[in-house]
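Input: a single structure, listed below in structure tokens.
The values are calculated or read from the model by the stated rules, or taken from the named source; none is laboratory data. Keep in mind it's a predicted model, so treat the numbers as computed, not measured. Ideal geometry is used to build each Cβ from the backbone, glycine not excepted, and the neighbour counts take in all protein chains shown.
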């Protein structure tokens with residue numbers, strides 16, 4: 001690992017105060033294996049993603065084009081500032097544009113950063129703090145060389161579970177928000193209490209194929225290779241919708257059902273833009289709400305003339321455009337494999353060969369259902385994810401529960417596009433693939449127990465439902481051990497394969 005990367009990582013550990021479990025382990029940066037191999041780093045050259053699905057017809061492609069344009073809109077409070085035409089920023093927010101966070105290696109990707117080989121930029125959230133006269137302080141975990149982040153609190157002020165997003169900034173002081181008085185969260189105090197966890201943006205490439213993969217295909221994929229998975233301690237389960245019971249698959253804990261819901265939630269939570277999916281303003285304190293709600297909605301157009309009012313048409317809301325952009329994004333395209341990367345692919349595992357076991361969670365092949373979009377039906381794609389939840393142990397546990405996902409469970413992160421990704425793991429704590437692999441290991445002595453119990457009556461009949469589960473370590477432990485048992489050259493082959501994706 002390069003000295004600059006090591007220094008940045010150490011700085012992140014100290015600033016965040018979030019990695020005490022890693023420090024206790026002691027071997028993160030001291031193992032000789034880490035020095036024997038080198039993550040090649042994000043590759044340069046043209047982006048391997050960032051366009052529409054190539055088989056789309058002209059109308060569908062134009063719809064994607066429109067979504068791309070809106071995805072890059074910069075938002076202000078009332079849409080009145082030059083260069084900031086989007087309406088509805090705040091009262092609290094993390095960013096002022098979708099493309100500000102989803103930027104690398106192209107619009108729709110993940111966090112930008114200084115370590116990009118083609119477009120090195122500082123974390124845009126630093127300058128955002130005081131844009132247009134805002135009076136925000138920059139939290140200690142938002143640093144120029146770090147990733148774009150959102151912050152969640154593990155516990156609320158009463159000691160109960162929280163898990164929600166606490167926005168970095170408010171519109172207080174902005175020239176387009178006169179009279180608004182809204183303080184930022186007390187991040188220094190929450191950091192001192194080890195109560196802050198971070199998340200970075202997930203890439204949006206190829207997500208229409210993920211959305212259109214049948215539940216049955218995901219279930220069959222998770223059930224496949226059962227003996228090999230059992231031998232390695234891999235299980236997994238799906239997060240599901242509380243309404244219809246179907247599999248949810250978007251977000252770090254697979255907490256969102258569809259790209260439209262994902263779009264609407266991100267608009268409201270990250271930018272503060274209320275919309276038809278999430279119509280109520282967040283942090284709506286007196287004096288800080290300047291627009292009718294929802295701020296983003298379907299635009300109804302009534303034609304002029306003698307038949308005015310007899311017919312009406314609609315222009316899609318921004319949330320619909322954001323969702324369509326993500327839905328019609330092409331899959332990331334890997335580069336040609338070198339002999340080393342070809343060997344790394346075999347070691348990583350394929351659908352017919354489990355290798356050291358990586359592929360048992362990072363599934364290399366799924367197939368979509370019939371689709372209304374041209375060329376997206378029955379499409380075989382390679383996300384390198386099973387979109388299931390897995391226990392990842394205390395090294396990665398964030399203490400947040402979403403749906404059925406518990407405090408140590410995460411959706412398998414898709415690895416397509418990893419060759420040009422700048423930051424890894426849910427909080428972007430490392431830029432180094434080798435560190436990320438090692439962090440999949442969880443101390444077997446550290447256990448996570450989740451339990452619930454209730455007592456109530458229905459129609460006079462008492463009910464006492466209860467459940468309790470305990471999991472120790474990480475489902476990835478055996479695979480991580482397999483990786484570090486390989487010869488150094490073989491470990492390097494896997495790293496080279498991952499950077500080819």
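Considering only residues in segment 347-388 that are out of contact with any strand residue (DSSP E or B) (no Cβ under 7 Å at 6 or more places or on another chain) and in a strand (DSSP E or B), the one that is surrounded by the fewest Cβ atoms within 10 Å (Cβ to Cβ) turns out to be 353.
If you go through segment 55-87 and keep only what is assigned to a loop (DSSP other than H, G, I, E, B) and in contact with a helix residue (DSSP H, G or I) (Cβ under 9 Å, 6 or more places away or on another chain), you end up with 56, 72, 73, 74, 77. Taking the criterion of being surrounded by 18 or more Cβ atoms within 10 Å (Cβ to Cβ) and either within 28 Å of the chain's Cα centre (by Cα) or modelled with pLDDT under 95 (or both), the only residue of segment 173-183 that qualifies is 182.
Inside segment 411-447, can you point out the residues that are in a helix (DSSP H, G or I) and touching a strand residue (DSSP E or B) at 6+ places or on another chain (Cβ under 6 Å)? Correct list: 436 only.
Mind checking whether some residue in segment 442-456 is closer than 27 Å to residue 342 by Cβ, touching a residue at least 24 places away in the same chain (Cβ under 8 Å) and touching a helix residue (DSSP H, G or I) at 6+ places or on another chain (Cβ under 7 Å)? No, there is no match, as no residue in segment 442-456 is closer than 27 Å to residue 342 by Cβ, touching a residue at least 24 places away in the same chain (Cβ under 8 Å) and touching a helix residue (DSSP H, G or I) at 6+ places or on another chain (Cβ under 7 Å). Applying the set (1) at pLDDT 95 or above; (2) not in a loop (DSSP other than H, G, I, E, B) to residue 468 leaves exactly one unmet item: (1). Among the residues of this structure, residue 274 does not count as one that is in contact with a strand residue (DSSP E or B) (Cβ under 6 Å, 6 or more places away or on another chain) and either farther than 30 Å from residue 486 by Cα or in contact (Cβ under 8 Å) with a residue 12 or more places away in the chain (or both).
Scoring residue 322 on the criteria (1) buried (at least 22 other Cβ atoms within 10 Å of the Cβ); (2) outside any helix (DSSP H, G or I) leaves a single failure, condition (2).
Apart from one condition, residue 404 fits all of (1) touching a residue at least 40 places away in the same chain (Cβ under 8 Å); (2) under 30 Å from residue 54 (Cβ atoms); (3) surrounded by fewer than 22 Cβ atoms within 10 Å (Cβ to Cβ); (4) touching a strand residue (DSSP E or B) at 6+ places or on another chain (Cβ under 9 Å); the exception is (2). So which of 118, 130, 135, 80 is surrounded by fewer than 16 Cβ atoms within 10 Å (Cβ to Cβ), under 19 Å from residue 203 (Cβ atoms) and out of contact with any strand residue (DSSP E or B) (no Cβ under 7 Å at 6 or more places or on another chain)? Within the list 118, 130, 135, 80, the selection yields 118. Scanning segment 293-312 for residues that are under 23 Å from residue 94 (Cβ atoms) and either assigned to a loop (DSSP other than H, G, I, E, B) or modelled with pLDDT under 95 (or both) gives 293, 294, 295, 297.
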